[in-house]
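S.K.: What follows is a structure written as structure tokens; I'll ask about it next.
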Amino acid sequence: LIYSIGSEGNYDFENAIAPLGCAIHTFDCTGDFAPGAPEAVQFHKWCVGGADQLEKSILTIPGMMKKLEHTRIDFLKMDVEGAE
């Protein structure tokens, strides 16, 4: 299970990892799902933050996991333009 945070419509990472057969969840509240993502990607218009703010589509990583009913993440990729 892979969480990829901050796509901005660029799916190079997801396209590279998709052939491995992993479930991929991509999160980005700043844009919409863009063409070019592999079928394995499930896009969520959420951003990661320090506290869950559902009305603003901001969730902590544990909040995302709870909402998606995931108990673990195997790989976390973040590309959030300096907000790491």
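S.K.: Which GluC sites (Glu not before Pro) in segment 27-79 pass both tests, a DSSP loop state and at most 16 other beta-carbon atoms within 10 Å?
M.R.: Those that pass, being in a loop and sparsely packed, are GLU39, GLU69.
S.K.: Could you pull out every Cys in the chain that lacks a partner Cys with its beta carbon under 4.7 Å away?
M.R.: When partners are defined as cysteine Cβ atoms under 4.7 Å apart, the chain leaves CYS22 without one.
S.K.: From largest accessible area down, sort LEU1, LEU20; use a 1.4 Å probe on the protein chains.
M.R.: Heavy-atom accessible area, descending, gives LEU20, LEU1.
S.K.: Would you list which aspartates and glutamates come within 14 Å of LYS77, measuring only between C-alpha atoms, while excluding same-chain residues fewer than 8 positions from it?
M.R.: Hits, sequence-local ones excluded: GLU8, ASP12, GLU14, ASP28.
S.K.: Taking the DSSP beta bridges in the chain as the whole, what percent of them are antiparallel, to the nearest 5?
M.R.: Percent antiparallel among DSSP bridges in the chain is about 5.
S.K.: Separate question: Under 5 Å between amide H atoms, partner at least 5 residues away or on a different chain: which partners does TRP46 have, H built in plane at 1.01 Å?
M.R.: ASP28, CYS29
S.K.: Which lysines does LYS66 reach when only Cα atoms under 18 Å apart count, and residues fewer than 8 places away in its own chain are ignored?
M.R.: Output for LYS66: LYS45, LYS56.
S.K.: Residues of the chain: accessible area per residue at 1.4 Å, in Å²?
M.R.: Each residue of the chain exposes 61 Å² on average to a 1.4 Å probe.
S.K.: Tell me, what HN-Hα J-couplings in whole Hz come from the Karplus equation 6.51 cos²θ - 1.76 cosθ + 1.60 at θ = phi - 60° for each residue of segment 61-74, using x for Gly and Pro?
M.R.: 4, x, x, 4, 4, 5, 4, 8, 6, 9, 9, 7, 10, 8
The values are calculated or read from the model by the stated rules, or taken from the named source; none is laboratory data. Because the structure is a prediction, the values reported are computed rather than measured. Every residue, glycine as well, gets a Cβ built from its backbone with ideal geometry; the counts of neighbours run over all protein chains shown. Areas reflect the complete protein model, heavy atoms only, side chains present, ligands, DNA and RNA absent. Shrake-Rupley method; radii C 1.70, N 1.55, O 1.52, S 1.80 Å.
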